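> Have a look at the structure that comes next, please.
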Amino acid sequence: IQCEIETYKLRDCPPFTALSYTWGAEDNEKEISLNGLSKTVRLNLARFLRHARDDMNSYPSGSASSHAPIGYLWIDALCINQENVRERNAQVAIMRDIYKEAKRIVRWLG
């Protein structure tokens, strides 16, 4: 799985999908590529990313289906620096706004 992070101000960002999911067990992890660097994520997130990638590849470009490709994603484990307490607290404080701005929300149970 290869991902890239792009940074936007919430009011200026392109349409995006916010992911709501369970993190899963801490001892069950996978490696992904994030901006060309190795990043460890929980298995449940890795499974979602693989599913989203495969789903995106199965629909023609511009599909109008509600199951059409997801496009930009906001995923807390990737979009919030979990090791920076100040950033994490600031982002958690605006998560309601983030989910409100999302074009759609995907719930992933695994």
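Computed from the coordinates by the stated procedures, all read-outs in this text should not be read as laboratory data. What you are looking at is a predicted structure, and each value in this text was computed from that prediction instead of being measured. Neighbour counts run over all protein chains shown; Cβ positions are idealised from the backbone, glycine included.
> If each of Glu87 and Glu31 carries a label point 7 Å out from its Cα toward its Cβ, how far apart are those two points in nm?
Modelled inter-label distance: 2.2 nm.
> Which option, [x] 8.0; [y] 18.9; [z] 7.4, is the value of mean projected area of the Cα convex hull in nm² that was calculated from these coordinates?
[z]
> Now for a separate question. Do you know the relative contact order of the chain, to the nearest whole percent, from alpha carbon pairs under 8 angstrom that are 6+ apart?
Numbers: 133 pairs, mean separation 43.3, N = 110.
Over the chain, the number comes to 39 percent.
> Amide H of Glu29 versus every other amide H placed in the peptide plane: which residues, excluding those fewer than 5 positions away on the same chain, fall under 5 Å?
Leu43
> How far, in nm, would the chain grow between Ala77 and Cys3 when pulled straight, counting 0.36 nm per residue and subtracting the alpha carbon separation? Show your work: numbers first, answer last.
On the way: separation 74, 0.36 × 74 = 26.64 nm, distance 1.26 nm.
Extra length available between Ala77 and Cys3 comes to 25.4 nm.
> How far apart, in nanometres, would the label points at Arg53 and Asp97 be if each is projected 7 angstrom from Cα along the Cα-to-Cβ direction?
3.3 nm
> Further question: In terms of Cα to Cα distance under 17 Å, which lysines are near enough to Lys39, apart from those fewer than 8 places away along the same chain?
Straight-line reach from Lys39, under 17 Å: Lys30.
> Here's something else I'd like to know. What list of ³J(HN,Hα) couplings, whole Hz, do you get for region 41-48 from phi and the Karplus terms 6.51, -1.76, 1.60, once you set θ to phi - 60° and write x for glycine and proline?
So the J values, rounded to whole Hz, are 10, 5, 4, 4, 5, 4, 5, 4.
> For every other residue with a beta carbon closer than 13 angstrom to the beta carbon of Phe48, add +1 if it is Lys or Arg and -1 if Asp or Glu, then tell me the sum. Walk me through the intermediate numbers first.
Numbers: positive: Lys30, Arg42, Arg47, Arg50, Arg53, Arg107; negative: Asp54, Asp55, Asp76.
Charge balance near Phe48 sits at +3.
> Any lysines with Cα under 21 Å of the Lys9 Cα? List them, leaving off those in the same chain fewer than 8 positions away.
Lys100, Lys103
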